[in-house]
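These notes are about the structure you will find just below.
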Amino acid sequence: ILQVLNDIQAENGAYFMARQDINREIRNKKAFVEDIAQDIPDGYTPEKWEKFDLSEAYKKINAAKETNSRIQRAKIFKDSYNGKIRGYEAEKEIAISAEKDAISNEREGLLKGIERMKAQIKANEDKLAGLDSKLADKVKIAESEYKEKVAALDSDIKVADEYIDKTPIDTADMEAEATQAEQMKKHLNEYRRMVEMQSEIEKLTDKSETLTAKIELARELPGVILQTAKIPVEGLTVKNGIPLIDLGNGPLR
């Protein structure tokens, strides 16, 4: 029995060596857990970031940016609307003025021709009578072109009016949240590894403590046995779990 107990508590015994291996593995795993924990932010909540939908967050951000872009373009377009209207009016007036000048010049030439060419008075008078109609047609064309341009511009301005009074969406918080979520998700795998390794450390610690208890018991039992059992060998003692015999003529062996 003493030999068995000695084998259990011996530093080169299976129990002692097994405990050393387990304690070494515990230290290594604790060091690895500490390395992982250094990269994980304080107050890290894996459940929140694991469920966070990055795709939906960026979809909202893109939608908000598109709306903001439409608002900006609408304001720019609205600012240029009146200028374009004035440009169209100027084009119309120039066209009408040019036609009036042309007609006026043509009328003057014809009137002079009447004086010079009495024979062509009838033809020239007929042509003169049609000038007002010609001018009216030109005016109608100019007016029609103007109305078409204004109608097209009004159609475009309706689209701009849908966004002109809207307040731009502030995407700063959404972008910050999405960026934070993206960073936090990077820690999920390492966090799970750390939790798993901590569980392994707890199990290894239990095994180490069990072995330590057995080794300590193996060191204590020989003394208990010698105190309670009848020992046929005189001078038998136990020191640090090792049985020794006092031969009376030298050190214990």
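The values are calculated or read from the model by the stated rules, or taken from the named source; none is laboratory data. Here the structure is a predicted model, which means the values were calculated and not measured. Virtual Cβ from ideal backbone geometry, glycine too; neighbours counted across all protein chains shown. Note: areas computed on protein heavy atoms with side chains; ligands, DNA, RNA excluded. Shrake-Rupley method; radii C 1.70, N 1.55, O 1.52, S 1.80 Å.
Filter the stretch 191-217 down to the residues that are aliphatic (A, V, I, L, M), over 29 Å from the mean Cα position of the chain (by Cα) and open to solvent by 40 Å² or more (accessible area, probe 1.4 Å) and list them by number.
Result: A213, L217.
Restricting attention to the stretch 157-191, which residues are outside any helix (DSSP H, G or I) and touching a helix residue (DSSP H, G or I) at 6+ places or on another chain (Cβ under 6 Å)?
In the first step, residues of the stretch 157-191 are kept if they are outside any helix (DSSP H, G or I); the result is 165-171, 186-187.
Residues satisfying the conditions are K166, P168, I169, T171.
Which is open to solvent by 90 Å² or more (accessible area, probe 1.4 Å), part of a helix (DSSP H, G or I) and either touching a strand residue (DSSP E or B) at 6+ places or on another chain (Cβ under 6 Å) or at pLDDT below 90 (or both), of E148, E115, E106? Let's see the steps before the verdict.
Numbers: E148 fails: either touching a strand residue (DSSP E or B) at 6+ places or on another chain (Cβ under 6 Å) or at pLDDT below 90 (or both); E106 fails: open to solvent by 90 Å² or more (accessible area, probe 1.4 Å).
Of E148, E115, E106, the one residue that is open to solvent by 90 Å² or more (accessible area, probe 1.4 Å), part of a helix (DSSP H, G or I) and either touching a strand residue (DSSP E or B) at 6+ places or on another chain (Cβ under 6 Å) or at pLDDT below 90 (or both) is E115.
Considering only the stretch 85-99, I want to know if a residue exists there that is open to solvent by 80 Å² or more (accessible area, probe 1.4 Å) and not charged (D, E, K, R).
yes
Can you name the condition, by its number, that I201 falls short on among (1) in contact with a Lys or Arg (Cβ under 6 Å, 6 or more places away or on another chain); (2) β-branched (V, I, T); (3) modelled with pLDDT under 85?
Of the numbered conditions (1) in contact with a Lys or Arg (Cβ under 6 Å, 6 or more places away or on another chain); (2) β-branched (V, I, T); (3) modelled with pLDDT under 85, the odd one out for I201 is (3).
Just to be sure before I move on: is N28 more than 26 Å from V150 (Cα to Cα), more than 48 Å from the chain's Cα centre (by Cα) and open to solvent by 40 Å² or more (accessible area, probe 1.4 Å) in the structure I sent?
Spelling it out, it is not the case that N28 is more than 26 Å from V150 (Cα to Cα), more than 48 Å from the chain's Cα centre (by Cα) and open to solvent by 40 Å² or more (accessible area, probe 1.4 Å).
From the list D42, D35, D53, D101, which one is more than 32 Å from the chain's Cα centre (by Cα) and charged (D, E, K, R)? Explain how you work it out, then say what you get.
Working: D42 fails: more than 32 Å from the chain's Cα centre (by Cα); D35 fails: more than 32 Å from the chain's Cα centre (by Cα); D53 fails: more than 32 Å from the chain's Cα centre (by Cα).
Only one candidate qualifies: D101.
Filter the stretch 6-25 down to residues that are in a helix (DSSP H, G or I) and farther than 24 Å from K203 by Cβ and give me whichever is least open to solvent (accessible area, probe 1.4 Å). Before the answer, list the steps.
Taking the stretch 6-25 first, the residues in a helix (DSSP H, G or I) are 6-9, 14-25.
Going one step further and asking which of them are farther than 24 Å from K203 by Cβ, we end up with 6-7.
Details: N6: 32, D7: 80 Å².
Restricting to residues being in a helix (DSSP H, G or I) and farther than 24 Å from K203 by Cβ, the top hit is N6.
Please work out if N6 is at pLDDT 85 or above and either among the polar types (S, T, N, Q) or closer than 16 Å to E220 by Cα (or both).
Values: at pLDDT 85 or above: no; either among the polar types (S, T, N, Q) or closer than 16 Å to E220 by Cα (or both): yes.
For N6, the condition - at pLDDT 85 or above and either among the polar types (S, T, N, Q) or closer than 16 Å to E220 by Cα (or both) - is not met.
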